[in-house]
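Remarks on the structure that follows.
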Amino acid sequence: DLLISQIAAGEVVERPASVLKELLENSLDAGATKIEVRLEEGGVRLIHVADDGCGIAADDLPLALSRHATSKITSLEDLECVASYGFRGEALASIAAVARVTVTSKQVGAAHAWRLQRSGDEGDSVQPAALSGGTMIEVADLYFNTPARRKFLKAEATEFAHCDEVFRRIALARPDVAFSLTHQGREKWRLASASAVRPFENFSRRAKEIIGEAFFPHARAIDVAAGPLRLSGLAAMPAYSRSGRDEQYFFVNGRFVRDKLLMHAARQAYEDILHGARHPAYVLFLELDPAGVDVNVHPAKTEVRFREARGIHQFVFHAIQRTLATPLS
Ligand code: ADP
Ligand code: MG
């Protein structure tokens with residue numbers, strides 16, 4: 001059973017960054033408004049995520065680490081329109097098969113917190129613990145029991161860079177949540193949350209922090225809706241390029257995606273206006289009826305499949321093209 005778990009884990013737990021993504025999404029699903037991340041050695045030695053979300057009941061702690069235990073869907077219809085980030089109930093189980101996992105949690109109203117520890121196939125231990133609220137998950141020594149996989153991990157700086165990218169994507173999409181991240185005790189990010197009163201301004205403030213001020217003099221706000229489709233965010237003229245790196249972020253219903261169709265539509269729009277622009281930079285949020293998009297393609301991948309691919313492509317192309325064609329006011 002552990003072997004099967006370890007094989008399955010390879011699907012979800014490619015590297016520290018994939019663990020971080022799952023933990024951050026769980027915290028968001030738990031309604032967290034504040035999430036703190038601590039990493040050691042690029043996340044290989046330690047990934048620590050603490051949130052102020054709803055917490056996990058003591059009785060449910062072992063369940064949280066069991067395969068196919070999810071608290072997020074109760075029917076097959078739910079699969080069609082998942083609002084939460086996670087719904088398979090296999091991330092924590094997979095992570096626990098290849099790392100030493102400690103979950104400490106306190107539900108509102110509970111007298112105190114409980115801590116569950118598991119490493120590989122050693123049994124669980126559940127003990128009373130101290131925590132003022134929410135959930136704290138620590139994933140230590142990734143691949144400690146699967147040295148063959150551990151060999152595939154890259155240098156600490158590379159693994160940290162992947163973690164940082166995952167963090168940036170999630171923080172961009174959730175300006176309503178406060179985030180912090182430290183690596184080796186050094187603070188890399190501290191992002192205050194914004195009230196949801198003026199969402200676009202909140203988003204732009206967060207985007208300024210994540211992508212950098214230099215993006216903004218060149219950026220145009222997008223907000224185009226057509227029927228059930230809406231595209232909003234910022235698209236910059238390619239005068240902006242941060243150290244030659246492309247800053248292209250697409251989110252579909254709040255989830256970061258790297259989708260060929262969307263990126264192609266954006267590239268075409270830029271080419272149409274700028275005739276061969278090299279560094280389009282954008283942060284764009286596509287919203288549509290959840291039934292119109294399959295996010296279930298692969299657990300750890302960022303692909304999606306649209307039911308009306310042609311229509312989506314056209315809508316995104318025109319929305320960006322029209323925005324870029326408008327002079328900066
Ligand atoms: P999924 O997210 O697909 O449900 P996971 O393996 O990621 O599966 O998590 C298993 C379960 O553990 C979740 O369904 C949830 O009930 C619980 N859980 C995990 N992380 C947290 C958290 N940070 N706060 C509250 N509950 C959590
Ligand atoms: Mg999850």
Checklist outcome for this item: Taking a crude spin-label model, label points 7 Å out from Cα along the C-beta direction, the ALA325 to ALA309 distance in nm is 2.6
Next on the checklist: If you split all Cα-Cα distances of the stretch 118-256 into 10 Å bins from zero, what percentages do you get per bin, shortest first?
Outcome noted: 9, 29, 30, 20, 11, 2
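Would you kindly state how much longer the chain becomes between LYS154 and ALA57 on full extension, computed as 0.36 nm times their sequence separation minus their alpha carbon distance, in nm to one decimal? Spell out each step's value before the answer.
Numbers: separation 97, 0.36 × 97 = 34.92 nm, distance 3.67 nm.
Using 0.36 nm per residue and subtracting the Cα-Cα distance, I get 31.3 nm.
With respect to the cross-link table entries LYS21/LYS188; LYS34/LYS260; LYS106/LYS154, which display a Cα-Cα separation exceeding 27 Å?
Values: LYS21/LYS188 17 Å; LYS34/LYS260 33 Å; LYS106/LYS154 35 Å.
LYS34/LYS260; LYS106/LYS154, as the Cα separations exceed 27 Å there.
Fewest first, what order do TYR270, TYR143 take by the number of other Cβ atoms within 10 Å? Write out the running numbers ahead of the final one.
Working: TYR270 23, TYR143 20.
Result, fewest neighbours first: TYR143, TYR270.
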Next on the checklist: Under 15 Å from a point placed 7 Å out from the Cα of GLU287 along the Cα-to-Cβ direction: which residues of the stretch 218-232 have their backbone N that close?
Outcome noted: 222-232
Checklist entry - If you rank ASP124, ASP29 by fewest surrounding Cβ atoms within 10 Å, what's the result? => result ASP124, ASP29
Item to check | the stretch 123-228 - percent relative contact order, Cα under 8 Å, separation 6 or more | outcome: 15
Checklist entry - Within the stretch 17-54, what residues put their amide N at less than 12 Å from the label point 7 Å along the Cα-to-Cβ vector of THR302? => result 18, 21
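With 10 angstrom as the radius, rank LYS154, LYS260, LYS21 by how many other C-beta atoms surround their C-beta, starting from the fewest. Before the final figure, lay out each step's value.
Values: LYS154 13, LYS260 9, LYS21 25.
If I rank by nearby Cβ atoms, fewest first, I get LYS260, LYS154, LYS21.
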Checklist entry - Whole-Hz Karplus ³J(HN,Hα) for the stretch 219-230, in order, using 6.51 cos²θ - 1.76 cosθ + 1.60 and θ = phi - 60°, x for Gly and Pro? => result 9, 10, 6, 10, 7, 10, 10, 8, x, x, 9, 9
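Where a number appears in this text, it was derived from the coordinates with a stated rule and is not lab data. All values derive from a computational prediction rather than experimental measurement. Cβ: placed from backbone, ideal geometry, glycine included. Neighbour counts: every protein chain shown.
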